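Step one of this worksheet: look at the structure below.
The values are calculated or read from the model by the stated rules, or taken from the named source; none is laboratory data. Bear in mind that the values here come from a model prediction, so they are computed numbers and not experimental data. Here the Cβ positions follow ideal geometry from the backbone for every residue, glycine too, while neighbour counts run over all protein chains shown.
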Amino acid sequence: MCNFWRLVLLATLSAGAEAASIHKRSCSQSSTPTTPAPVPTIGPGADDNGGNSATSYQLNETWIGDKFYEGFTFYNGSSPTQGRVNYVDKDTALASNLSFTSSDAFVLAVDSVTTLDPSSTVGRNSTRIEGVHNYTTHAAVLDVRHMPEGMATWPAYWMMGGKWPEGGEFDIIEGVNDSPPNAMSLHTAVNSSCLLSNDTDSSLMKGTPDQKQCAWTIDNTGCGFKDTNSHSFGPAFNERGGGWYATERTPSSLKVWFWSRNDPKVPQDVREDSGTVSPSTWGLPTASFTSSSISCDISENFQPHRFIINIELCVSLTSMQAGAVFPGGPDACVKHVNENPDAFKDAYWDIARLSVYK
């Protein structure tokens with residue numbers, strides 16, 4: 001993000017409706033990418049990291065700037081995970097500058113000006129968008145300059161389909177309270193047999209195994225891996241200008257790759273808004289879930305998924321509970337959210353693009 005746009009962003013998040021037209025501005029040093037028309041999918045090839053995978057994928061859709069408003073809808077209502085947020089609709093988000101764009105930036109934010117009534121059940125205004133399209137076999141690249149940071153924040157970039165948890169959930173970016181590294185996990189139905197193996201082959205990925213139980217349980221931890229790169233989440237991610245998260249889904253695997261902005265090894269087809277990507281050339285994934293490593297059929301446990309990007313506060317789920325690491329516990333977390341709007345000036349997503357390949 002250029003310095004001008006960063007100053008505009010910070011001013012907008014705290015200035016309210018005075019900057020309602022900010023989505024028209026852009027950085028002079030940036031160009032406006034175009035969105036190629038959808039192209040046909042291609043057939044499968046070999047995948048030496050488990051499962052069938054396409055050798056390459058063709059660009060299907062790219063969302064940049066205002067295009068996000070065409071490909072996503074705003075979830076409106078209270079937090080599905082009992083956090084201290086109130087997700088607002090598109091009109092409210094635009095009017096309150098909780099979402100705005102430039103030619104090469106899409107921003108989602110949390111309200112940072114309002115002191116909340118502690119007796120009200122309505123949480124701090126925040127944003128959550130959900131894609132209008134569902135995907136099975138595909139690859140995707142998310143180019144992020146800044147992710148939400150600050151105590152009590154729980155940013156997430158993830159995929160879900162059908163009725164939860166029966167349709168499965170694929171968490172790509174997730175964490176709380178600025179605590180790196182990034183966590184990547186799966187959630188499956190209550191009666192699923194999906195369980196991360198104790199002897200997961202570490203030579204097939206960079207991440208380290210975390211929780212084992214994929215099936216929904218009382219604490220809903222999910223199964224997954226943690227990145228070994230401390231720059232993959234929170235302030236450390238933002239200080240380096242963000243980076244790229246790439247994913248691939250096949251009938252028998254779900255994979256995640258991460259490269260920091262200054263990583264000299266980021267593949268060219270990831271760095272650029274390419275017409276074709278080849279995950280087989282991206283090196284070891286950060287996380288690799290295969291039908292063999294989680295002991296269940298991925299195609300049977302994961303329905304077609306849509307992309308979701310949101311900012312939660314003070315989560316209630318045990319697996320990611322803000323109170324578990326927030327000083328003073330859950331009540332202190334809620335008090336912090338109620339009384340300290342300034343604490344959320346940096347609780348925003350600044351996304352350069354999301355590209356999907358099929």
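Quick notes on this structure:
- Criterion: without any contact (Cβ under 8 Å) to a residue 24 or more places away in the chain and of a type outside the set (Asp, Glu) - qualifying residue of Ser193, Ser179, Ser120: Ser120
- Some residue of region 265-287 being in contact with a Cys (Cβ under 6 Å, 6 or more places away or on another chain) and over 22 Å from Thr137 (Cα atoms): no
- Count - residues of region 294-338 that are part of a helix (DSSP H, G or I) and modelled with pLDDT under 85: 7
- Scope region 121-162; condition among the small types (Gly, Ala, Ser) and more than 23 Å from Asn97 (Cα to Cα); matching residues: Ala139, Ala140, Gly161, Gly162
A quick yes/no check of all residues on (1) aromatic (Phe, Trp, Tyr); (2) more than 23 Å from Gly222 (Cα to Cα); (3) surrounded by 22 or more Cβ atoms within 10 Å (Cβ to Cβ):
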| position | (1), (2), (3) |
| --- | --- |
| Leu108 | no, yes, yes |
| Asp111 | no, yes, yes |
| Thr115 | no, yes, no |
| Glu130 | no, no, no |
| Val141 | no, yes, yes |
| Met147 | no, no, yes |
| His187 | no, no, yes |
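- Of the strands (runs of 3 or more DSSP E) lying entirely inside region 222-293, those carrying at least 1 residues that are under 16 Å from the mean Cα position of the chain (by Cα) and surrounded by fewer than 21 Cβ atoms within 10 Å (Cβ to Cβ) are 243-250, 253-260.
- Subset of region 198-216 that is part of a loop (DSSP other than H, G, I, E, B) and more than 23 Å from the chain's Cα centre (by Cα) - its residue that is farthest from Thr281 (Cα to Cα): Asn198
- Lone unmet requirement of (1) out of contact with any helix residue (DSSP H, G or I) (no Cβ under 6 Å at 6 or more places or on another chain); (2) surrounded by fewer than 17 Cβ atoms within 10 Å (Cβ to Cβ) for Gly329: (1)
Results for (1) polar (S, T, N, Q); (2) under 19 Å from Phe237 (Cα atoms), shown as yes or no for each residue.
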position: Thr114; (1), (2): yes, no
position: Thr127; (1), (2): yes, no
position: His133; (1), (2): no, no
position: Val144; (1), (2): no, yes
position: Met160; (1), (2): no, no
position: Pro165; (1), (2): no, no
position: Pro180; (1), (2): no, yes
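- Where Gly77 falls short, out of the listed (1) at negative phi; (2) modelled with pLDDT of 90 or more: (1)
- Taken over region 127-154, the criterion of being in a strand (DSSP E or B) and under 18 Å from Trp257 (Cα atoms) is satisfied by His138, Ala139, Ala140, Val141, Leu142, Asp143, Val144, Arg145, His146.
- Residues located in region 70-106, provided they are in contact (Cβ under 8 Å) with a residue 24 or more places away in the chain, within 17 Å of the chain's Cα centre (by Cα) and surrounded by fewer than 20 Cβ atoms within 10 Å (Cβ to Cβ): Gly71, Thr73, Tyr75, Thr81
- Any hit, region 48-60, residues being in contact with a strand residue (DSSP E or B) (Cβ under 9 Å, 6 or more places away or on another chain), under 19 Å from Tyr157 (Cα atoms) and surrounded by fewer than 23 Cβ atoms within 10 Å (Cβ to Cβ): no
- Residue ID - surrounded by the fewest Cβ atoms within 10 Å (Cβ to Cβ), chosen from residues in region 157-185 that are of a type in the set (D, E, K, R) and assigned to a loop (DSSP other than H, G, I, E, B): Lys163
- Selection from region 180-204 of residues that are more than 21 Å from Pro279 (Cβ to Cβ), out of contact with any helix residue (DSSP H, G or I) (no Cβ under 9 Å at 6 or more places or on another chain) and of a type outside the set (A, V, I, L, M, F, W, C): His187, Asn191, Ser197, Asn198, Asp199
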